[in-house]
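Okay, so here's the structure we're looking at.
The values are calculated or read from the model by the stated rules, or taken from the named source; none is laboratory data. Just so it is clear, the model here is predicted, and its values are computed rather than measured. Quick reminder, even Gly has a Cβ in these numbers, built from the backbone with ideal geometry, and neighbours come from all protein chains shown. For the accessible areas, the whole protein counts, side chains as well, though only heavy atoms, and no ligand, DNA or RNA atoms are used. Shrake-Rupley method; radii C 1.70, N 1.55, O 1.52, S 1.80 Å.
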Amino acid sequence: MAILNILRYPDPRLHKVAKPVTVFDARLKKIVADMAETMYDAPGVGLAASQVDVHEQLLIIDTSETHDDLRIFINPEILWSSAEKKIYDEGCLSVPGIYDDVERPAQVTVRALDINGKPFEISADGLLAVCIQHEMDHLKGKIFVEYLSPLKRNRIKTKLLKEEREMQGTARRQR
Ligand code: NI
């Protein structure tokens with residue numbers, strides 16, 4: 001297993017649209033294992049393949065406190081979402097240190113494939129519903145900051161680009 005590099009906003013690769021997974025083989029299992037290690041190491045509660053520069057419809061979620069409830073969603077589709085909305089203070093491993101309110105449907109029913117290509121359906125609410133929708137947005141090339149006002153989004157972009165320049169500067173000085 002390996003810890004993968006997580007793309008940081010505003011990296012343009014985060015806006016690529018993921019393609020459906022068609023082959024359920026050892027390569028796919030390796031990507032999932034590496035993504036899980038990367039998510040637990042970060043630590044985060046969800047990770048979409050797009051965030052590690054793999055542009056395939058694959059995401060993982062573990063909202064448990066004990067990090068032993070890994071859920072894998074391949075080629076996920078929303079079958080139903082509630083009219084009722086909920087606001088949640090969201091964050092993202094690709095937008096480190098930034099949290100803000102996003103309004104989404106409170107409940108969703110999702111169909112997806114498991115690691116062996118077998119279909120399943122799940123109805124979710126609470127944090128799991130938020131995570132599923134947030135990670136599915138990643139597969140469409142959408143980042144949660146795109147729900148915020150342009151002013152806030154630009155502030156976030158400027159802050160993260162400045163941090164990145166500072167990190168690169170530090171790395172150069174250390175060489
Ligand atoms: Ni995210």
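Residues in region 63-75 that are part of a strand (DSSP E or B) and within 16 Å of the ligand (Cβ to nearest atom) were compared, and the one that is most open to solvent (accessible area, probe 1.4 Å) is 71. Of 61, 72, 78, all but one fail to be touching a residue at least 12 places away in the same chain (Cβ under 8 Å), out of contact with any Phe, Trp or Tyr (no Cβ under 6 Å at 6 or more places or on another chain) and farther than 27 Å from residue 156 by Cβ; the exception is 72. Please enumerate the residues belonging to region 83-102 that are part of a strand (DSSP E or B), open to solvent by 30 Å² or more (accessible area, probe 1.4 Å) and either in contact with a helix residue (DSSP H, G or I) (Cβ under 6 Å, 6 or more places away or on another chain) or aliphatic (A, V, I, L, M) (or both). Of everything in region 83-102, those that are part of a strand (DSSP E or B), open to solvent by 30 Å² or more (accessible area, probe 1.4 Å) and either in contact with a helix residue (DSSP H, G or I) (Cβ under 6 Å, 6 or more places away or on another chain) or aliphatic (A, V, I, L, M) (or both) turn out to be 87, 88. Whenever a residue of region 9-26 is of a type in the set (Gly, Ala, Ser), its partners that are open to solvent by 80 Å² or more (accessible area, probe 1.4 Å) and part of a loop (DSSP other than H, G, I, E, B), lying with C-beta atoms within less than 8 angstrom and at least six residues away or across chains, give the pairs 18/140. Taking residue 60, is it part of a strand (DSSP E or B), away from the ligand (no atom under 13 Å from the Cβ) and modelled with pLDDT of 95 or more? Criteria not met by residue 60. Among residues of region 141-159 that are open to solvent by 20 Å² or more (accessible area, probe 1.4 Å), those with a Cβ under 8 angstrom from a residue that is outside any helix (DSSP H, G or I), sequence gap 6+ or separate chain, pair up as 147/102; 147/103; 152/100; 157/9; 157/10; 159/98.
Please work out if residue 78 is open to solvent by 40 Å² or more (accessible area, probe 1.4 Å) and in contact with a helix residue (DSSP H, G or I) (Cβ under 9 Å, 6 or more places away or on another chain). So that I can check it myself, show each step before the final result.
Values: open to solvent by 40 Å² or more (accessible area, probe 1.4 Å): yes; in contact with a helix residue (DSSP H, G or I) (Cβ under 9 Å, 6 or more places away or on another chain): yes.
Here the answer is yes, as residue 78 does meet what is asked.
In region 119-135, the qualifying residues are those that are open to solvent by 30 Å² or more (accessible area, probe 1.4 Å) and among the acidic types (Asp, Glu), and the one that is farthest from the ligand (Cβ to nearest atom) is 121.
Taking first residues from region 85-109 that are closer than 22 Å to residue 122 by Cβ and within 16 Å of the ligand (Cβ to nearest atom) and partners that are open to solvent by 60 Å² or more (accessible area, probe 1.4 Å) and part of a strand (DSSP E or B), the Cβ contacts under 8 Å between residues at least 6 apart in sequence or on separate chains come to 88/101; 90/101; 102/87; 102/88; 104/85; 104/86; 104/88.
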